[in-house]
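Taking it in order: structure first as structure tokens, then the write-up.
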Protein chains: 2
Amino acid sequence: MEKITIVGGGLSGSLMAIYLAKRGFTVDVFERRPDMRTNRISAGKSINLALSIRGIEALKKVGLDDEVLSDAIPMYGRMMHSRTGELNYQPYGTNNQAINSVSRGRLNLRLLELADAYDNINLHFNHKCKDVDIDKAIAVFENEKGESITHKADRIIGTDGAFAATRGRLQITDRFDYSQSYLYVGYKELIIPPDALGNFMMDKNCLHIWPRGAYMMIALPNPAGDFTLTLFLAHQGKPGFDQLNSKEAVLDFFKSEFADALPLMPTLQEDFFKNPIGALVTVKCYPWVKADKLALMGDAAHAVVPFFGQGMNCSFEDCVVLDECIEKYYPNWTEVFSHYQELRKPNADAIADLAIQNFTEMAEKVGDVDFLLRKHIEHDLCEHFSDIFKSQYELVTFSTVPYAEAKARGAVNDKIIDEIIAKDLIDNIKGNDHVKSIIQKYIN
Amino acid sequence: MEKITIVGGGLSGSLMAIYLAKRGFTVDVFERRPDMRTNRISAGKSINLALSIRGIEALKKVGLDDEVLSDAIPMYGRMMHSRTGELNYQPYGTNNQAINSVSRGRLNLRLLELADAYDNINLHFNHKCKDVDIDKAIAVFENEKGESITHKADRIIGTDGAFAATRGRLQITDRFDYSQSYLYVGYKELIIPPDALGNFMMDKNCLHIWPRGAYMMIALPNPAGDFTLTLFLAHQGKPGFDQLNSKEAVLDFFKSEFADALPLMPTLQEDFFKNPIGALVTVKCYPWVKADKLALMGDAAHAVVPFFGQGMNCSFEDCVVLDECIEKYYPNWTEVFSHYQELRKPNADAIADLAIQNFTEMAEKVGDVDFLLRKHIEHDLCEHFSDIFKSQYELVTFSTVPYAEAKARGAVNDKIIDEIIAKDLIDNIKGNDHVKSIIQKYIN
């Protein structure tokens with residue numbers, strides 16, 4: 001049977017391995033880190049993630065959806081925290097729609113366990129990719145003893161993340177388009193522990209947001225009763241991580257900006273100086289594939305910033321689409337890879353752009369009266385014309401409509417809202433046939 | 001005296017070396033290629049270039065402007081060649097404004113000769129940069145014998161082109177923004193030789209253009225009586241370089257597309273298969289500098305596509321600006337480098353975008369009636385309101401207004417033209433006070 005090397009045993013690498021194993025291929029997964037089943041190690045990057053419909057659909061294909069959801073905490077809306085501590089709850093949708101807080105580590109572990117149950121999947125930990133010979137489908141790894149291991153297969157799938165070694169090889173081939181672009185904002189993870197009885201200290205069924213423009217904090221619940229907080233803040237500036245260089249400065253900053261969270265954060269000052277500052281990068285590249293030999297997936301092909309909560313969902317959707325292309329075009333792998341690429345590239349670009357756009361909106365428009373009015377109109381349209389009007393957020397988060405279509409629909413929605421403002425229908429949306437005809441004019 | 005390493009002895013490297021030598025610094029220039037003064041080698045990339053005011057001003061600072069211009073051929077306008085051979089001449093400006101066809105090789109040679117005349121400049125040829133320790137300002141080279149040479153200085157200037165080794169080092173530092181983006185069109189250089197008496201076979205005082213939309217050909221005159229042609233064509237497609245895979249296919253293509261040039265190209269079929277296909281890349285990055293240790297210049301910082309004829313001019317302007325920053329901030333090199341970067345980055349981005357925009361206009365709008373109408377209006381405004389209206393092309397090519405300002409002015413000009421169309425003043429521009437007041441409304 002054909003042999004496939006997967007470089008990277010993170011979320012998309014382990015899921016893709018299972019898809020391939022189910023089709024009977026012999027799969028070798030090489031992961032840089034130690035086996036997380038026997039070592040208490042970080043799965044890298046963020047602690048928890050928001051799983052939504054695209055990710056759920058991908059897990060359903062391997063029968064893991066129910067199990068993962070049972071271990072997740074549904075978040076039915078956003079809870080906005082003002083500087084003075086007022087709360088403002090915004091449900092995600094009318095039908096109890098939710099995004100689900102899952103632990104990256106536990107999800108990754110579960111996928112690896114499932115992968116390991118397949119005889120035709122071999123997991124290799126502590127194998128760091130050093131080089132790839134794309135045309136020969138040979139990958140070279142270094143193990144924990146510093147030994148060099150050469151592995152030859154029929155083709156290679158690179159799921160080795162935003163700084164992928166596999167992509168590095170593609171990058172020095174002819175006419176490879178590549179960009180890496182950093183946000184001026186970085187992030188630091190902090191914690192709100194459970195109370196003395198092990199209970200959540202805030203409402204657990206929502207995504208908590210402390211919106212402050214160009215900086216902000218969010219919190220996602222974990223099953224153990226704690227929340228993982230993520231503080232997004234400029235690397236340099238006032239305020240900026242570089243300014244928060246003493247325990248007093250951190251305390252003052254939280255007192256003034258996140259006063260209601262501060263009493264819930266007993267280890268803030270220790271955590272702040274213990275935890276690293278992460279950078280937020282968008283990576284785009286093209287092509288993602290080389291002939292029938294190499295394909296990139298997940299962050300290796302398209303790292304996105306986290307402001308739409310779609311990084312994992314998008315990567316899982318890559319796996320679904322590649323699997324569908326195998327279904328359709330196998331054994332012609334050149335066709336498999338090229339259709340996969342053509343189907344996914346525009347959508348990965350779209351979600352990357354939407355994630356940046358979401359950040360920009362939060363950073364620059366949070367106090368913009370016009371912007372808030374538009375959001376208000378959009379909300380009313382969703383509520384009163386839910387059969388024909390879908391917001392961009394809804395299409396991205398609660399549907400499997402391709403991201404590029406969701407993005408295009410966002411632009412169309414803007415025109416609808418423009419016209420509603422121009423025709424002074426703002427306060428007269430509910431049940432209004434004129435509004436209905438405007439929507440229908442733009443959305444066939 | 002302070003020691004400065006320059007990596008790359010091309011156009012901007014050799015010019016910058018002279019600027020620095022004039023200020024008394026000890027300069028070591030390391031160039032990958034052999035000494036072009038004793039070896040008949042290509043200076044790399046295109047054979048001739050269009051020198052305009054920004055480049056001329058930069059050469060003036062080292063007293064080379066008159067000499068270089070005396071060896072150049074002024075081109076006072078564009079000569080457009082239609083498929084059927086009709087010619088249409090468009091002067092660049094009203095005041096005998098010209099761009100100047102210069103030989104990249106001879107200009108580079110002259111700069112190296114001048115550099116070599118300075119006791120405090122040491123030229124090292126056949127030295128390929130292998131690595132850089134930025135913080136220590138140490139560069140490691142490999143010479144033609146394969147020996148490793150380590151050179152330490154106080155700081156390093158990287159002028160080593162679009163695929164710069166110096167930038168490669170910066171690229172793996174924290175939060176480095178980088179993009180390389182290829183055009184789907186590549187290029188191939190061809191030739192129209194002089195006639196039997198050594199005379200030019202077309203008008204030598206213009207830039208010849210065979211505009212055909214997404215593909216096209218241009219010709220620049222050389223002092224020896226020949227023209228260098230550059231064919232821009234898709235790498236793949238119909239038509240595309242991949243389709244022109246036989247002498248017959250090439251001949252057929254030229255017969256149908258460049259019929260008037262074909263009889264002037266006796267060696268077309270040989271040249272076509274001898275000469276390489278070049279790729280066209282835009283490189284952007286940030287930061288360009290690291291503390292007081294490293295600065296990038298020219299293509300190393302900002303490779304642009306050639307459709308505005310500003311690559312060399314922009315790189316020479318980098319040298320002027322860095323020299324001015326030294327004048328102002330020396331001996332604080334951190335200030336020198338950071339001001340240089342802040343002054344140049346927006347302008348390099350602007351000319352990169354304008355060059356792409358020029359290609360897009362040629363590729364997509366050459367037959368667009370609206371576009372041609374707008375160009376016609378712009379031309380009339382330039383002619384009849386030359387004191388207050390400047391086209392973007394004029395500002396880029398015939399002024400030293402920063403590129404970013406020229407680009408912004410282009411957007412303002414678009415609004416002026418919009419209003420002239422909306423108010424139906426298209427055929428009534430000359431001496432019209434209403435038109436004048438529209439221009440003045442937009443341009444303070």
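The values are calculated or read from the model by the stated rules, or taken from the named source; none is laboratory data. Quick caveat, the model's predicted, so the values are computed rather than measured. Every residue, glycine as well, gets a Cβ built from its backbone with ideal geometry; the counts of neighbours run over all protein chains shown. All accessible areas refer to the heavy atoms of the entire protein, side chains included, with ligands and DNA or RNA removed. Shrake-Rupley method; radii C 1.70, N 1.55, O 1.52, S 1.80 Å.
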Notebook entry, point to check: What are the pairs, 6+ residues apart or on separate chains, where a residue within the range A:222-249 that is more than 14 Å from chain B (Cβ to nearest Cβ) has its Cβ under 6 Å from a residue that is in a loop (DSSP other than H, G, I, E, B) and among the small types (Gly, Ala, Ser)?
Noted result: A:Gly225/A:Gly198
Check: Can you name every residue in the range A:38-80 that is part of a loop (DSSP other than H, G, I, E, B), of a type outside the set (A, V, I, L, M) and at pLDDT below 95?
Finding: A:Thr38, A:Asn39, A:Arg40, A:Ser42, A:Gly44, A:Lys45, A:Ser46, A:Asp71
Check: Counting only residues that are at pLDDT below 90 and surrounded by fewer than 13 Cβ atoms within 10 Å (Cβ to Cβ), how many does the range B:371-392 have?
Finding: 1
Notebook entry, point to check: Which of the residues belonging to the range A:1-23 are part of a helix (DSSP H, G or I) and either open to solvent by 10 Å² or more (accessible area, probe 1.4 Å) or acidic (Asp, Glu) (or both)?
Noted result: A:Leu11, A:Ser12, A:Lys22
Check: When you look at A:Asn245, is it out of contact with any His (no Cβ under 6 Å at 6 or more places or on another chain), farther than 25 Å from A:Met201 by Cβ and open to solvent by 10 Å² or more (accessible area, probe 1.4 Å), yes or no?
Finding: yes
Check: Taking only pairs six or more apart or across chains, which ones have beta-carbon atoms under 6 Å, a first residue in the range A:158-179 that is closer than 14 Å to A:Lys130 by Cβ, and a second residue that is part of a loop (DSSP other than H, G, I, E, B) and open to solvent by 50 Å² or more (accessible area, probe 1.4 Å)?
Finding: none
Margin query: Scan the range B:97-106 and tell me whether some residue there is among the aliphatic types (A, V, I, L, M), assigned to a strand (DSSP E or B) and closer than 30 Å to B:Leu381 by Cα.
Written below: yes
Item checked: Condition check for B:Arg83: among the basic types (Lys, Arg), part of a strand (DSSP E or B) and open to solvent by 20 Å² or more (accessible area, probe 1.4 Å) -> no
Item checked: Test for A:Lys284: is it within 30 Å of A:Thr173 (Cβ to Cβ) and either open to solvent by 30 Å² or more (accessible area, probe 1.4 Å) or in contact with a Pro (Cβ under 7 Å, 6 or more places away or on another chain) (or both) -> yes
Notebook entry, point to check: Is there a residue being buried (at least 20 other Cβ atoms within 10 Å of the Cβ), among the β-branched types (Val, Ile, Thr) and outside the structural domain of B:Ile209 (by TED's automatic domain parsing) anywhere in the range B:24-40?
Noted result: yes
Notebook entry, point to check: Across the range B:410-444, what is the total count of residues that are in contact (Cβ under 8 Å) with a residue 24 or more places away in the chain, within 30 Å of B:Lys345 (Cβ to Cβ) and open to solvent by less than 60 Å² (accessible area, probe 1.4 Å)?
Noted result: 6
Notebook entry, point to check: How many residues are within 14 Å of B:Pro287 (Cβ to Cβ), more than 13 Å from chain A (Cβ to nearest Cβ) and in contact with a Ser or Thr (Cβ under 8 Å, 6 or more places away or on another chain) when one looks only at the range B:158-179?
Noted result: 1
Next item on the list: Would you mind listing the helices (runs of 4 or more DSSP H) fully within the range A:376-444 where at least 1 residues are under 17 Å from A:Gln357 (Cβ atoms)?
Entry: A:392-398, A:403-422
Item checked: Filtered residues of the range B:226-238 (kept if within 21 Å of B:Ile356 (Cβ to Cβ) and assigned to a loop (DSSP other than H, G, I, E, B)) -> B:His235, B:Gln236, B:Gly237
Margin query: I need the full set of residues from the range B:199-215 which are at pLDDT 95 or above and more than 21 Å from the chain's Cα centre (by Cα), in order please.
Written below: B:Asn199, B:Phe200, B:Met201, B:Met202, B:Asp203
Note to self: Considering only residues that are open to solvent by 30 Å² or more (accessible area, probe 1.4 Å) and either assigned to a strand (DSSP E or B) or within 14 Å of chain B (Cβ to nearest Cβ) (or both), which ones fall in the range A:261-279?
What the structure shows: A:Pro276, A:Ile277, A:Ala279
Notebook entry, point to check: If you scan the range A:284-316, which residues turn out to be aliphatic (A, V, I, L, M), over 24 Å from A:Leu20 (Cβ atoms) and in contact with a Phe, Trp or Tyr (Cβ under 8 Å, 6 or more places away or on another chain)?
Noted result: A:Val305
Next item on the list: Output the residue which, of all residues in the range B:180-212 that are within 14 Å of another protein chain (Cβ to nearest Cβ) and open to solvent by less than 30 Å² (accessible area, probe 1.4 Å), is farthest from B:Leu280 (Cα to Cα).
Entry: B:Gln180
Next item on the list: Name, by its number, the condition in (1) in contact with a Pro (Cβ under 8 Å, 6 or more places away or on another chain); (2) outside the structural domain of A:Ser315 (by TED's automatic domain parsing) that does not hold for A:His379.
Entry: (1)
Notebook entry, point to check: So how many residues does the range A:138-173 have that are in contact with a His (Cβ under 9 Å, 6 or more places away or on another chain) and crowded, with 20+ Cβ neighbours inside 10 Å?
Noted result: 2
Note to self: Among the residues in the range A:51-59, are any in contact (Cβ under 8 Å) with a residue 40 or more places away in the chain, among the basic types (Lys, Arg) and open to solvent by less than 10 Å² (accessible area, probe 1.4 Å)?
What the structure shows: yes
Item checked: Lone qualifier among B:Arg110, B:Arg155 - being away from chain A (no Cβ under 14 Å) and under 25 Å from B:Ser52 (Cα atoms) -> B:Arg110
